[in-house]
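**Student:** My questions will all concern the structure given below.
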């Protein structure tokens, strides 16, 4: 939910496929029965009015891993090359950086003529790996944050989601660096791994000591290891997807 001018606020609502099927494709019913109860009470009347009267703009989302462009005479940039969840709004950041990288890699000093197909494809190969400096963090953050924020019944993901908020509240580099990665300002994807697992470990620590009861401490310790495993399940497959091509 974010304000776009002095009189209008835009709301991004996630409608999972299973929920869409449950409501027989009736998104307005889903908004009424599932979303509205979670909206702050002061905003509910306007949300109800908008959900009932305004046109709902729906956009399906996909995750498209990046791949090397080997097609003669065609250059893919932005979402045509790879897509991530729109939660973080990183699509245009990736696309604009693609333009910057291609400007340099395909400059006349590097590629005197586009008729030299082999040279162009070699530069596109370099482009594929150069763009990962920024796109990797943006892609992984989008998918990982969606996995955490959309968690409903999974206790491990719920703990990780709260840990994410608590970690940001520490301030300093705990929030500045993740935001820099998300905005394409930082270009070191390994910083993402550091901060992601810092969130995981911080969540484990906070949950471990959330109860002074000795019996609960043992139970929380076992749950903490489960939380760490869940963090690995969320992050590592995404990292593998980024670097396997």
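**Student:** Going by what's in this entry, would residue 49 be described as assigned to a helix (DSSP H, G or I), at pLDDT below 80 and not assigned by TED's automatic domain parsing to the domain that holds residue 82? Outline the logic, then answer.
**Tutor:** Numbers: assigned to a helix (DSSP H, G or I): yes; at pLDDT below 80: no; not assigned by TED's automatic domain parsing to the domain that holds residue 82: yes.
Spelling it out, it is not the case that residue 49 is assigned to a helix (DSSP H, G or I), at pLDDT below 80 and not assigned by TED's automatic domain parsing to the domain that holds residue 82.
**Student:** Looking only at the stretch 123-160, which residues are outside any helix (DSSP H, G or I) and either closer than 18 Å to residue 81 by Cβ or within 17 Å of the chain's Cα centre (by Cα) (or both)?
**Tutor:** If the condition is that a residue be outside any helix (DSSP H, G or I) and either closer than 18 Å to residue 81 by Cβ or within 17 Å of the chain's Cα centre (by Cα) (or both), then 131, 150, 151 are the ones that fit.
**Student:** Just name the residue that is nearest to residue 19 (Cα to Cα) out of those in the stretch 161-172 that are free of Cβ contacts under 8 Å to residues at least 12 places away in the same chain and assigned to a helix (DSSP H, G or I).
**Tutor:** Looking at residues that are free of Cβ contacts under 8 Å to residues at least 12 places away in the same chain and assigned to a helix (DSSP H, G or I), I get 165.
**Student:** Would you mention how many residues in the stretch 23-34 are touching a helix residue (DSSP H, G or I) at 6+ places or on another chain (Cβ under 8 Å), part of a helix (DSSP H, G or I) and surrounded by 13 or more Cβ atoms within 10 Å (Cβ to Cβ)?
**Tutor:** 5
**Student:** Any chance you could count how many residues in the stretch 174-204 are in contact (Cβ under 8 Å) with a residue 12 or more places away in the chain and in a helix (DSSP H, G or I)?
**Tutor:** 19
**Student:** What's the total number of residues in the stretch 1-22 that are closer than 19 Å to residue 55 by Cα and either under 18 Å from the mean Cα position of the chain (by Cα) or touching a residue at least 60 places away in the same chain (Cβ under 8 Å) (or both)?
**Tutor:** Total meeting the criteria: 7.
The values are calculated or read from the model by the stated rules, or taken from the named source; none is laboratory data. Note that the coordinates shown come from a computational prediction; the quantities given were computed from them, not determined experimentally. Note: ideal-geometry Cβ built from the backbone for every residue, glycine included; neighbour counts use all protein chains shown.
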